[in-house]
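Contents: one structure, followed by commentary.
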Amino acid sequence: MSTALKLVPVEPLTTPEGARAVARGSELSLEAPDGRVLVRYDAASGTLSFEGEAKVRLHASRLELTATEAVTLEAPRIEARAQTASWSVGRWEVQAARVRERAGDVYREVRGLAQTKAGRVRTVAEKTLEMFGRRASFKADEDVVVDGKRVLLG
């Protein structure tokens, strides 16, 4: 006695506006009234795709994304707004033509080395520039200029 299921052809579900839910082979799809596929689920590959120019809105009290390989975001512009954002990563890499940071205060703690490699470095402080360390060394292949009203040594 076989317990295999038989597939029975089903008419598409259609809204009064003409949007349809359609089953074709191993695929289920949601289509716009003009026939464009907006959402497709391929049961054979286990892939759920949002396609075309549809606006996708997810609203939940909590949203979790988990991937076993990778999460990729690709768009001309990505925006995020949050009261608090927290990242915990093994390695953080940013490649950008320009990075601009604006903040009220910035506190950075580094256990090991903090290094900046640049063509030029400029630090501008409107009031006070302070640097503290057990030891300090400055080395220049050319001129060193110290310009101040008073220079106090020791």
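The values are calculated or read from the model by the stated rules, or taken from the named source; none is laboratory data. Just so it is clear, the model here is predicted, and its values are computed rather than measured. With ideal geometry, Cβ positions are generated from the backbone for all residues, glycine too; neighbour counts draw on all protein chains shown. Protein only, heavy atoms only, side chains kept; ligands, DNA and RNA dropped before computing areas. Shrake-Rupley method; radii C 1.70, N 1.55, O 1.52, S 1.80 Å.
Miscellaneous remarks
- Average Cα contact separation per residue, the chain, under 8 Å, 6 or more apart, as relative contact order %: 7 percent
- Förster radius 30 Å - calculated FRET efficiency between K55 and E11 (Cβ-Cβ, nearest 0.05): 0.60
- Note on surface exposure: W87, W92 rank W87, W92 by accessible area, highest first, 1.4 Å probe.
- Distance between the 7 Å Cα→Cβ label points at E126 and V106: 1.6 nm.
- Ranking by accessible area, most exposed first, for F50, F132 with a 1.4 Å probe: F132, F50
- Solvent-accessible area assigned to carbon and sulfur over the range 1-130 amounts to 50 percent, based on a 1.4 Å probe.
- The range 117-137 and the range 37-57: distance between their alpha carbon centers, rounded to Å: 52 Å
- Ordered by solvent-accessible area of protein heavy atoms (1.4 Å probe), largest first, the residues V22, V10, V151 come out as V10, V151, V22.
- Taking the range 34-154 as the region of interest, the number of lysine pairs whose Cα atoms are within less than 26 Å, with members eight or more places apart or on different chains, is 5.
- Computed extension length for Q95-T66: 8.0 nm, one decimal, from 0.36 nm per residue of separation with the Cα-Cα distance subtracted.
- The structure shown yields volume of the Cα convex hull per residue in Å³, and of the options [x] 298; [y] 104; [z] 122 that calculated value carries the label [x].
- Accessible solvent surface per residue of the range 4-154, calculated while the other protein chains remain in place, 1.4 angstrom probe, Å²: 113 Å²
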